[in-house]
Amino acid sequence: MDSLFSHGNSNAEPNPADFSAAPAALVAEVTVPQSCEDSFAGFMDGIHLWWPADQTRFGEGTHPEFTDGTLFEEDPSGRSALWATLIEPVSESGLELAWHHQGNPHLSSHVSISFLENGPVTQVRVVHNGWADGELGHEQSDAAPDWVAALAHYRRFMGGAA
């Protein structure tokens, strides 16, 4: 018999939209066979060459680019979409971004990208966190890039194993 009380079945799975806490951080890392300097340059200057089209708003033919402290994409017709804004001075050891949920700079999460040289290779690590609490935070997390897939493309671009 179903419970007559409002709390219902205590064995039921919770609804993720009811969570009040922010989602966990998304973390991805790869090792590339390049110096820290070259790894950083490949990430920043070559992003349009390695970023996967299925991780963009406009798809094939889009051109992601860092310009004047922003990361955005532009499609062949000239439409653009804001992705992120740099929030820390850029250095070869890393960068910090305010990642704008669906292009809205007022709904930003935090992306930290670090480059750590270890002999002939560089470890590149992305931590994406800083979500809003509750349903909005889960929406932000769900809409975030698949950093594992994106960094796999970056690793291949930088000469690493597929």
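One residue stands out among those in region 134-154 that are more than 11 Å from the chain's Cα centre (by Cα) and among the small types (Gly, Ala, Ser): the one that is modelled with the highest pLDDT, which is Ala152. Answer yes or no as to whether Glu37 is touching a residue at least 12 places away in the same chain (Cβ under 8 Å), exposed (fewer than 13 other Cβ atoms within 10 Å of the Cβ), in contact with an Asp or Glu (Cβ under 8 Å, 6 or more places away or on another chain) and not basic (Lys, Arg). So Glu37 passes the test.
Condition (residue is open to solvent by 70 Å² or more (accessible area, probe 1.4 Å), under 16 Å from the mean Cα position of the chain (by Cα) and modelled with pLDDT under 95) applied to region 66-83: is it met by at least one residue? No, region 66-83 contains no residue that is open to solvent by 70 Å² or more (accessible area, probe 1.4 Å), under 16 Å from the mean Cα position of the chain (by Cα) and modelled with pLDDT under 95. Set side by side, the residues Glu29, Glu37 differ, and just one is among the charged types (D, E, K, R), part of a strand (DSSP E or B) and modelled with pLDDT of 95 or more, which is Glu29. Among the residues making up region 88-133, a single one is open to solvent by 50 Å² or more (accessible area, probe 1.4 Å), among the hydrophobic types (A, V, I, L, M, F, W, C) and in a strand (DSSP E or B): Leu116.
The values are calculated or read from the model by the stated rules, or taken from the named source; none is laboratory data. Since this is a predicted model, take the numbers as computed values, not measurements. Ideal geometry is used to build each Cβ from the backbone, glycine not excepted, and the neighbour counts take in all protein chains shown. Keep in mind that these areas ignore ligands, DNA and RNA; they rest on the heavy atoms of the full protein, side chains included. Shrake-Rupley method; radii C 1.70, N 1.55, O 1.52, S 1.80 Å.
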